[in-house]
Amino acid sequence: MTQLLVDANIEGHVKRLEARMKSDYWKMFWDHLEITLLQFRDVGLSHDAVDAEVYHLCQKHAFYLLTNNRNEDRADSLEAMIRQRNTSASLPIFTMSDADRIFYGNEYAERVVESLYDYLLKADTLAGAGRIYLP
């Protein structure tokens, strides 16, 4: 089973992606990977949870975090956590380079879905990769 934790600030974006991921063309990948999309409330996180807490929870419970582009603006930022705590066994963080484009073009959304499925199908080779940008 593949569990994706959806960052609180892209829930609407991922709803749109989810529809595409479950479309006739992509559904076999969704089913094969047994994907579950989790929201912060599903795992006991508040919408304003600090990045360090989110990163730790994902690593502890084997959730792949799906987020938008974040930077290292604080000592406990997601990027700082990846740099400080990433090991060869750490799950990667999937980051959409420009999440808002999901709403403005099917081509971009399709590329994100294709890229995400490609990475998830080879997830066992991605440990320690840190951040992986989609598409």
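Tabulated data for the structure shown
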quantity: Among the candidates 33, 65, residue that is surrounded by 13 or more Cβ atoms within 10 Å (Cβ to Cβ) and in contact with a Cys (Cβ under 6 Å, 6 or more places away or on another chain); calculated: 65
quantity: Subset of segment 77-91 [buried (at least 19 other Cβ atoms within 10 Å of the Cβ) and assigned to a loop (DSSP other than H, G, I, E, B)]; calculated: 86, 91
quantity: Pairs with Cβ under 9 Å, 6+ apart, first in segment 96-107 and farther than 13 Å from residue 12 by Cβ and among the charged types (D, E, K, R), second in a loop (DSSP other than H, G, I, E, B) and modelled with pLDDT under 95; calculated: 98/69
quantity: Subset of segment 40-51 that is in a loop (DSSP other than H, G, I, E, B) and either touching a helix residue (DSSP H, G or I) at 6+ places or on another chain (Cβ under 6 Å) or among the β-branched types (Val, Ile, Thr) (or both) - its residue that is farthest from residue 21 (Cα to Cα); calculated: 50
quantity: Single unsatisfied condition, residue 105 versus (1) at pLDDT 95 or above; (2) of a type outside the set (Asp, Glu); (3) over 16 Å from the mean Cα position of the chain (by Cα); (4) closer than 26 Å to residue 26 by Cβ; calculated: (1)
quantity: Hits in segment 92-107 - residues which are crowded, with 19+ Cβ neighbours inside 10 Å and over 22 Å from residue 48 (Cα atoms); calculated: 102
quantity: Output for segment 22-39, where each listed residue is part of a loop (DSSP other than H, G, I, E, B) and out of contact with any Lys or Arg (no Cβ under 8 Å at 6 or more places or on another chain); calculated: 22, 23, 24, 25, 34, 39
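The values are calculated or read from the model by the stated rules, or taken from the named source; none is laboratory data. Values in this document were obtained by computation on a predicted structure and should not be read as measured data. Using ideal geometry, Cβ is built from the backbone for each residue, glycine included, and neighbour counts are taken over all protein chains shown.
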